[in-house]
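The values are calculated or read from the model by the stated rules, or taken from the named source; none is laboratory data. Here the structure is a predicted model, which means the values were calculated and not measured. In this analysis, Cβ positions are derived from the backbone assuming ideal geometry, glycine residues included, and neighbour counts consider all displayed protein chains. Areas reflect the complete protein model, heavy atoms only, side chains present, ligands, DNA and RNA absent. Shrake-Rupley method; radii C 1.70, N 1.55, O 1.52, S 1.80 Å.
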Amino acid sequence: MVLKHKLDFVDSEIGKIKQNNLYRKLRYGKVKDSHITISGKKLLNLCSNDYLGITTTKIQFKQLQSSSRLVSGNDESYKKLEDILARHKTKQNSLVYPTGYMANLGAISSIVKKGDLILSDELNHASIIESCKLSDAKVLIYKHNDMQDLQKKLKQNGKNKVVITEGIFSMDGDFSFLKQITEISEKAKTITIVDDAHGDFVIGEDGKGTPNYFNVSKKIDLYISSLSKGLGSFGGYVASQNNVIDLCINKSKSFIYTSALPSFLIEYSLKRFESNREKQKKKLEKNIKQLSKGLRQIGYEINSRTHIIPIIIGNEKSAMDFGEFLFNNGVFVQPIRYPTVPKNQARLRISVTAWLSKADIEKALEIFEKAHTKFR
Ligand SMILES: Cc1ncc(COP(=O)(O)O)c(C=O)c1O
C-alpha cells in the first residue's frame, strides 16, 4: 500500500484548476504612471483601478498605530477623513474600514440579520456575496438589473427587506438601474444599499458617485465604497445616518478585530481628496471617449459607457491567449475568468485611467487592431 501524504489532495485540486484553464499565478510588477514593468518588460497598464490618476502625493512614513481603532489605533486623522467622506455622500456620518471588502463584510452583517430578506443582483461582487452569507439572512439573487424579477422576489417574507446592488458593475462596466431600484424600494419600504466602489470619486457631480449621477442620493440608506480605486489611495468606508454607523462600530467584526489602517494612509486619502479631482475627471472622460470610439471602429462590440470596458471573449483558454498576445505586444490587460465572472464569459477587462496620454491610447488601439485581425 502506498502511504499518502495528508496534503496530497492539494496537488489534485491545483491540477483540476489548471485543466479548466482557471489557474492563477502571481506576477511581480512595478507600476509607474501609465505603465507597469513586469520581468523587465515595460507595458501599457490597462488594468489599474486608479481611474483618476491623481499625481502621486508624497507622504511621510510615520510610526504605525499598531492597534485596532477601538483600542489605541484611532489616529486624529480619521476624524477629518470621516467628516469629509460623510459630506461627500451627504450623510450624517461615515466609517473607514481597512479595505472595501471589509467594509462590505462589516456593514452588511451588522445591519442585516437572521429573519431578514436580502435581494442581491446576480452580478454583485464577491465581497457582497460573502457578506450576505455572513448575515444569516435569506438571500435571493435577482437577474442582473431585472426589475420585474426584483419586484417578484420582493414579495417573499422577511422582517426587514434589503436590496443590494453595485453602482457601476465591476466586471461589465454598466450602471445599476438606480432610479427604478430606489422607486421600488421606497414603495416596498426596503433598505437600499449601494456598493459604489467603481463609481465613487469618478461619476456624478464632484465625483459624488453613481447615485448622485442618477439624482437618487437621498434614497440610498447605506453607501459602501473603496478608497483604493477612483481615489487611488487605500481603504474602504461606509456612509449612512449616525445610528447605522454606531451599530457598525459596535457589531462589525472586520472593524473591531483588526488593526487600524496606518495614519499616513488616512492622510494620503485626505491629500488625494483635496487635489484637483475635477481636472482628472475631465481627462478620464476624454480618454474613455477616445478608447471606446477607437475599439468600436476596429470592430469590437463595446456596450459600456464607463471607464470599465470589457471585451467579452467567452472561452477561458481563448481569453488567456488574447491576453498573452497583448502582453507580448506591450499592453497589459489581465484576462478575467470564472469565478470572478460566469463560466464561458471570460473577458479582457480594460480599465481606462486619466494616467493615459493620447499617444498611449493610440498605441493601445494599434495593438487591439492586430489582436482583432488575429483572433476574430
Ligand atoms: C464592487 C466592489 N466592491 C468592493 C471591492 C473591494 O474593495 P477593496 O479593493 O477596497 O477591498 C471591490 C474590489 O474589487 C469591488 O469591485
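Counting charges near Gly115 (Lys, Arg +1; Asp, Glu -1) among other residues having Cβ under 9 Å from its Cβ returns a value of +2. From the Cα gyration tensor of the chain, with a ≥ b ≥ c the square roots of its eigenvalues, which class applies: rounded if a/c is under 1.5, or else prolate if a/b is larger than b/c, or else oblate? In terms of gyration-tensor shape, rounded. Sketch the reach of a paramagnetic label on Asn243 as a point 7 Å from Cα along Cα-to-Cβ, and name the residues of the stretch 137-165 whose backbone nitrogen lies under 20 Å away. Only 159-163 pass the distance filter. Computed from the Cβ-Cβ distance with R0 of 22 Å, the FRET efficiency linking Glu122 to Gln180 stands at 0.85. Within the chain, the selection of entire DSSP H helices by a Cα span of 20 Å or greater along the long axis and an average Kyte-Doolittle value of at least -1.0 returns 358-375. Helix content alone sets the calculated 222 nm mean residue ellipticity of the chain: runs of n ≥ 4 DSSP H residues at -39500 (n - 2.57) each, divided across all residues, give -12000 deg cm²/dmol.
By the rule of a C-alpha distance below 18 Å, with chain neighbours fewer than 8 residues away ignored, the lysines paired with Lys251 are Lys113, Lys114, Lys133. Shape index of the stretch 240-311: Rg/Rh, with Rg the Cα radius of gyration and Rh the Kirkwood radius from the inverse mean 1/r over Cα pairs, equals 1.21. The length gained on full extension between Gln63 and Tyr338, counted as 0.36 nm times the residue separation minus their Cα-Cα distance, comes to 94.9 nm. Sparse packing (at most 16 other Cβ atoms within 10 Å of the Cβ) combined with a DSSP loop state is found for the following GluC sites (Glu not before Pro) in the stretch 232-315: Glu274, Glu301.
Put a dot 7 Å past the Cα of Glu301, heading toward its Cβ, do the same for Lys289, and the two dots end up 2.7 nm apart. With K and R counted +1 and D and E -1, the other residues having a Cβ less than 12 Å from that of Ser34 yield a net charge of +2.
With a simple spin-label model that places each label point 7 Å from the Cα along the Cα-to-Cβ direction, the separation between Leu70 and Gln151 comes to 4.3 nm.
Extension gain, Lys25-Lys279: 0.36 nm per intervening residue step, less the Cα-Cα distance, totals 87.8 nm. Solvent exposure of the chain amounts to 51 Å² per residue of accessible area, where only protein heavy atoms count and the probe is 1.4 Å. Rolled with a 1.4 Å probe across the full set of protein chains, the surface gives Tyr101 an accessible area near 100 Å².
Computing the accessible area with a 1.4 Å probe over protein heavy atoms, can you report the carbon and sulfur percentage for the stretch 319-371? Before the final figure, lay out each step's value.
Numbers: 1050 of 2140 Å².
The value for the stretch 319-371 is 49 percent carbon and sulfur by accessible area.
Counting other Cβ atoms within 10 Å, keep those with at most 12, restrict to DSSP loop, and tell me which trypsin sites (Lys or Arg not before Pro) in the stretch 95-150 are left. Working shown, then result.
Working: sites: Lys113, Lys114, Lys133, Lys138, Lys143; in loops: Lys113, Lys114, Lys143.
In loop regions of the stretch 95-150 (DSSP not H, G, I, E or B), the sparsely surrounded trypsin sites (Lys or Arg not before Pro) are Lys114.
Using 0.36 nm per residue and subtracting the Cα-Cα separation, the extra length available between Asn160 and Ser318 on full extension is 52.4 nm.
Structure shown: which of Lys159/Lys208; Lys143/Lys343; Lys279/Lys358 lie over 22 Å apart, alpha-carbon to alpha-carbon? Show your work: numbers first, answer last.
On the way: Lys159/Lys208 32 Å; Lys143/Lys343 16 Å; Lys279/Lys358 16 Å.
The answer is Lys159/Lys208.
Bridge orientation summary for the chain: considering DSSP beta bridges with both residues in this region, about 60 percent are antiparallel.
Springs between alpha-carbon pairs under 10 angstrom, Gaussian network model over the chain: which of His307, His125, His198 fluctuates most? Result for the chain, Cα springs under 10 Å: His125 fluctuates most.
Computed over neighbours whose Cβ is under 13 Å from that of Ile168, the net charge equals -4, Lys and Arg +1, Asp and Glu -1.
Cα centroid separation, the stretch 101-119 to the stretch 178-237: 17 Å. For the stretch 148-241, with all protein chains in place and a probe radius of 1.4 Å, 47% of the accessible heavy-atom surface sits on carbon or sulfur.
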